[in-house]
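The values are calculated or read from the model by the stated rules, or taken from the named source; none is laboratory data. What you are looking at is a predicted structure, and each value in this text was computed from that prediction instead of being measured. Neighbour counts run over all protein chains shown; Cβ positions are idealised from the backbone, glycine included.
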Amino acid sequence: MLKLLVIIFFLLLGFESIAKTVTFLKVDFAPYYIFEGVDKGKGRDEAIINQLKQSLPEYKFKQIFIPSSRALFELQHSKNTTCILSLYKTEQRKQLFYFSKQYSTIGLAPTIAMLSDVAETIIPKGITTTSLKDLIFKNNLILGKSTERSYGQHVDKIILNIPQDEIIIRAGKDSLQSLTYMLLKKRVDLIIGYPGEHLYLQSKLKKERQFVQLQIAESPKTVSGFIGCNKSKESQVFLEKADISLRKIKTSPEYTALMLRWVPESLQQNLANKLNNQ
């Protein structure tokens, strides 16, 4: 009888351990996750996950890498509590995933990266914001983007209407890095990503002066990412606790520094103003 009780105790302990485990998917979007080099492990989103881990000791945190092109599929079909730290809320995604109420990250909206010599021929001097729709459709430019990625509802709508022969969608590991190489070789005319991503990749290639970043007129100045989890009761419970932690985390100077860390200096003020007004 005693032996049976011991077995039942350890079985219950095992079930409790599973229920208290949350897996965060890490994707190949530097500098949000950095897998190599001197800044390995110092990505923006990695740091926020670690802060959540410290504030929620009742959970065991696991972090696993998955290519960005498969991340949403994995998130949707996972049987255990699985989340992505910084995910856009869209109407379609809200049908598939549970989201935190608190934003987990905030940053500048997506920007266009172009080669400086190309931009000089079609963008008036001194212009830092341009219409993505006009840029593509009036100049017959080819856009490069990563697969399965949202850039906000207004930009996503424009991208959906681009003819197939004027857009290249790159899947697989380090998709934006591949697109940056394609831009250098003039196989695409412009690529879309986030300011910190462009800055990180351009500095990694030591070719910052060959590129120009332009803000997109159809986008808001800043965008927020939320914790998105697979649809399960356990995910709902985790998100309720994560929301409490996020409210505290976002008031710290460390959080502000993390959000600004990979933002180009020339664009930092827009984000700093937003952070100060939260």
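Observations on the structure shown:
- The criterion of being touching a strand residue (DSSP E or B) at 6+ places or on another chain (Cβ under 6 Å), among the aromatic types (Phe, Trp, Tyr) and at pLDDT 95 or above holds for residue 97.
- Per the listing 207, 250, 231, the residue uniquely loosely packed, with under 15 Cβ neighbours inside 10 Å, under 24 Å from residue 83 (Cβ atoms) and in contact (Cβ under 8 Å) with a residue 12 or more places away in the chain is 231.
- Region 169-192, residues that are of a type in the set (S, T, N, Q) and either free of Cβ contacts under 8 Å to residues at least 24 places away in the same chain or in contact with an Asp or Glu (Cβ under 6 Å, 6 or more places away or on another chain) (or both): 178
- Residue check for residue 165: out of contact with any His (no Cβ under 8 Å at 6 or more places or on another chain), closer than 25 Å to residue 75 by Cβ and of a type in the set (Asp, Glu): no
- Search result, residues across region 166-178 that are in a helix (DSSP H, G or I) and either over 20 Å from the mean Cα position of the chain (by Cα) or modelled with pLDDT of 95 or more (or both): 166
- Residue 121 surrounded by fewer than 22 Cβ atoms within 10 Å (Cβ to Cβ) and over 21 Å from residue 267 (Cα atoms): yes
- Residue match in region 81-92 (condition: assigned to a strand (DSSP E or B), under 14 Å from the mean Cα position of the chain (by Cα) and polar (S, T, N, Q)): yes
- Here is the figure for region 233-278: residues that are small (Gly, Ala, Ser) and out of contact with any helix residue (DSSP H, G or I) (no Cβ under 9 Å at 6 or more places or on another chain) total 3.
- Test: residue in region 58-71 that is part of a strand (DSSP E or B), crowded, with 18+ Cβ neighbours inside 10 Å and either assigned by TED's automatic domain parsing to the domain that holds residue 203 or polar (S, T, N, Q) (or both): no
- Cβ separations smaller than 7 Å between residues 6+ apart or across chains give the following pairs from region 147-168 residues that are aromatic (Phe, Trp, Tyr) to residues that are surrounded by 15 or more Cβ atoms within 10 Å (Cβ to Cβ): 151/110; 151/192.
- Scanning region 79-92 for residues that are closer than 21 Å to residue 150 by Cβ and modelled with pLDDT under 95 yields 88, 89, 90, 91, 92.
- Strands (runs of 3 or more DSSP E) wholly inside region 96-150 containing at least 3 residues that are under 23 Å from the mean Cα position of the chain (by Cα) and among the small types (Gly, Ala, Ser): 97-108
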